[in-house]
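The values are calculated or read from the model by the stated rules, or taken from the named source; none is laboratory data. Note that this is a predicted model, so its numbers are computed, not measured. Cβ coordinates were reconstructed from backbone atoms using ideal geometry, including for glycine residues, and neighbour counts include every protein chain displayed. Only protein heavy atoms, including side chains, enter the accessible area calculation; ligands, DNA and RNA are left aside. Shrake-Rupley method; radii C 1.70, N 1.55, O 1.52, S 1.80 Å.
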Amino acid sequence: MAVKVLVVDDSSFFRRRVSEILEQDKDIEVIGFAVNGREAVDKANQLRPDVITMDVEMPVLDGISAVKEIMAANPTPILMFSSLTRDGATATLDALDAGALDFLPKKFEDIARNNEDAIKLLQNKVKEIGRRRLSRFSRPAPATPVTPSSTSTATTSRPAITQPDRSFNRSATPSAGTSATIRASGKKYQIVAIGTSTGGPVALQTILTQLPANFPHPILLIQHMPAAFTPAFAARLNGLCKIQVKEAQQGDKLMPGVAYLAPGGQQMLIEGRGGNRTLRVFEDDSARITYKPSVDVTFASTAKAYQGDVLAVVLTGMGADGRDGARMLKQVGATIWAQDEKTSVVYGMPQAVASAGLSSASIALGDVATRLVREIGCG
C-alpha cells in the first residue's frame, strides 16, 4: 500500500523536485500540493494524506502555524524542510514542538554523501513516518463530501478514519500502573547514555525535563542532527530542564547533573580515568561510519571508559545505530533499555537492540524518566 503524500512549499521548483524524488519510489504516491500554510490545512482535511512535507517559511500562514492547526484538527505525520541556519534550527524545533515528527534541511544533500543517498534519505524518512499513520489509521473510505475552501477548487470526499492518536505519543505523562510496579535493580552506575534519531528531539525533551536538579551522574546525548541544529537544541533543553544541558565541547569534564549533547557532524568519545574523565569531540572523515554523531561510536567509548557502570537507553529512530555499541556495553555488564514500539515515532533503533537480545526492558516514552530516577536512586 503506497504512502500518500501532500507536498507543501511556496516554491514551484521545490514542490516539483520533491514530488519527482518521492515518486521514484513505487511505495510512495504524491496526491496533492499546497503553496502556503492555509492551503496545507485545507488540503490535509480534504485529502487525508499519510504524510505531509512542509516548508517552514511560507506566505499567508507559515509552516509552524500550519502544523499546529493540522495536529489540532487532523493529526498527520509531518516532515519539515528548513534552512541550515540558527533561525532555521529554532523554527524547526518550534515545528517539532508543535507536532511535526521529523525534519530535513531544505538542501538535504547537505547531510548526505551524494545525490543518491539524499534521494534515499528523503524517501525512507517519508515511508517510515508514513507507516506510523498507516498502522494507526484505517484506509480512506467514501464519506461526507468536504466543502471546498477559498484556496481549493476541487471537491474531495473526507475519508473515514479511526479515532486518531492526537498526541502521536508525545505525552510526558507516565503510563498508569507501569513504572509504579517496577522496582530498582540495586545496580550502581556512574553515567547514563541516550541514543536516538527520528522523533528524538521530542523524546529527549520529554525525558530530560522530568529529571531532578540533583541527578547524580553525567548524561551523554547522541541525537542524529545537523551541525547547525545542535547548539539551538542544547540551548532549548537547557532552558527547559532542571539539569544543565550543553552542546559537548572538546575537553569538557564529565560532571554530575550535566547532559552533554554530541555536536552534529562530529563524534563524541570519553577519555581519561576516574574523576578526570573528559570528552573528546572531533570531526570524523571516515566513510564507513554513516552517522555523525554515531550512537555506536559513543556507546563503544563509554563501555571502554566505564565498563558495566553504564545505563544506556536507545530511543526512537530509523536504522540500527546503537545496536553494535549496545552489544559492547552488554559484554562488559552494562544495562540497556529500549523504547517500546507503541511510543516510538520509528521503531528502528530500539527494535534493533531489542531483537538482538541486548535490552533488559522495553519502556514507554512517558515512563523512561520515572524509571531512570528510580533506577539511579535520586529525586
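Please find, among S11, S19, the residue that is farther than 23 Å from T196 by Cβ and free of Cβ contacts under 8 Å to residues at least 40 places away in the same chain.
So the residue among S11, S19 that is farther than 23 Å from T196 by Cβ and free of Cβ contacts under 8 Å to residues at least 40 places away in the same chain is S19.
All of (1) assigned to a loop (DSSP other than H, G, I, E, B); (2) open to solvent by 30 Å² or more (accessible area, probe 1.4 Å); (3) over 28 Å from A248 (Cβ atoms); (4) modelled with pLDDT under 60 hold for R183 with one exception: (4).
For segment 14-67, a residue qualifies if it is under 22 Å from the mean Cα position of the chain (by Cα) and among the β-branched types (V, I, T), and the qualifying residues are V18, I28, V51, I52, T53, V56, I64, V67. Pairs are defined by a Cβ separation below 6 Å, a sequence spacing of at least 6 or placement on different chains, a first member in segment 239-251 that is under 23 Å from G265 (Cβ atoms) and small (G, A, S), and a second member that is in a loop (DSSP other than H, G, I, E, B) and at pLDDT 95 or above; the pairs so defined are A248/A262.
Test D25 against the criterion of being assigned to a helix (DSSP H, G or I) and acidic (D, E), and give yes or no. It would help to see each step written out before you state the result.
Numbers: assigned to a helix (DSSP H, G or I): no; acidic (D, E): yes.
No.
The single condition among (1) modelled with pLDDT of 90 or more; (2) open to solvent by 20 Å² or more (accessible area, probe 1.4 Å) that M80 does not meet is (2).
Could you list, in sequence order, all residues of segment 1-24 that are among the aliphatic types (A, V, I, L, M) and surrounded by fewer than 17 Cβ atoms within 10 Å (Cβ to Cβ)? Of everything in segment 1-24, those that are among the aliphatic types (A, V, I, L, M) and surrounded by fewer than 17 Cβ atoms within 10 Å (Cβ to Cβ) turn out to be M1, A2.
Does any residue of segment 55-75 turn out to be outside any strand (DSSP E or B), among the small types (G, A, S), in contact with a Gly (Cβ under 9 Å, 6 or more places away or on another chain) and surrounded by fewer than 23 Cβ atoms within 10 Å (Cβ to Cβ)?
Restricting attention to segment 55-75, the residues satisfying the condition of being outside any strand (DSSP E or B) are 56-75.
From what's left, among the small types (G, A, S): 63, 65-66, 72-73.
Then keep just the ones that are in contact with a Gly (Cβ under 9 Å, 6 or more places away or on another chain); that gives 63, 65-66, 72.
Filter once more, keeping what is surrounded by fewer than 23 Cβ atoms within 10 Å (Cβ to Cβ): 65, 72.
Yes, segment 55-75 has at least one match.
Taken over segment 251-288, the residue count meeting the criterion of being in a loop (DSSP other than H, G, I, E, B) and of a type in the set (K, R) is 3. Checked against the criterion of being open to solvent by less than 20 Å² (accessible area, probe 1.4 Å) and in contact with a Gly (Cβ under 8 Å, 6 or more places away or on another chain), segment 261-280 has at least one qualifying residue. Close contacts from segment 185-197, counting a first residue that is more than 17 Å from G333 (Cα to Cα) and a second that is of a type in the set (D, E) and not in a strand (DSSP E or B), with Cβ to Cβ under 7 Å and a gap of 6+ residues or different chains, come to G195/D321; S197/D321. The condition of being farther than 16 Å from V310 by Cα, part of a loop (DSSP other than H, G, I, E, B) and out of contact with any helix residue (DSSP H, G or I) (no Cβ under 6 Å at 6 or more places or on another chain) holds for only one of G366, G357, G333, that being G357. Does R48 count as farther than 23 Å from L237 by Cβ, at pLDDT 95 or above and basic (K, R)? When the stated conditions are applied, R48 passes them. Evaluation of Y291 against the conditions (1) surrounded by 23 or more Cβ atoms within 10 Å (Cβ to Cβ); (2) not in a strand (DSSP E or B) shows that the sole unmet condition is (1).
Annotation note: of A305, A312, the sole residue that is assigned to a helix (DSSP H, G or I) and either open to solvent by 30 Å² or more (accessible area, probe 1.4 Å) or among the small types (G, A, S) (or both) is A305.
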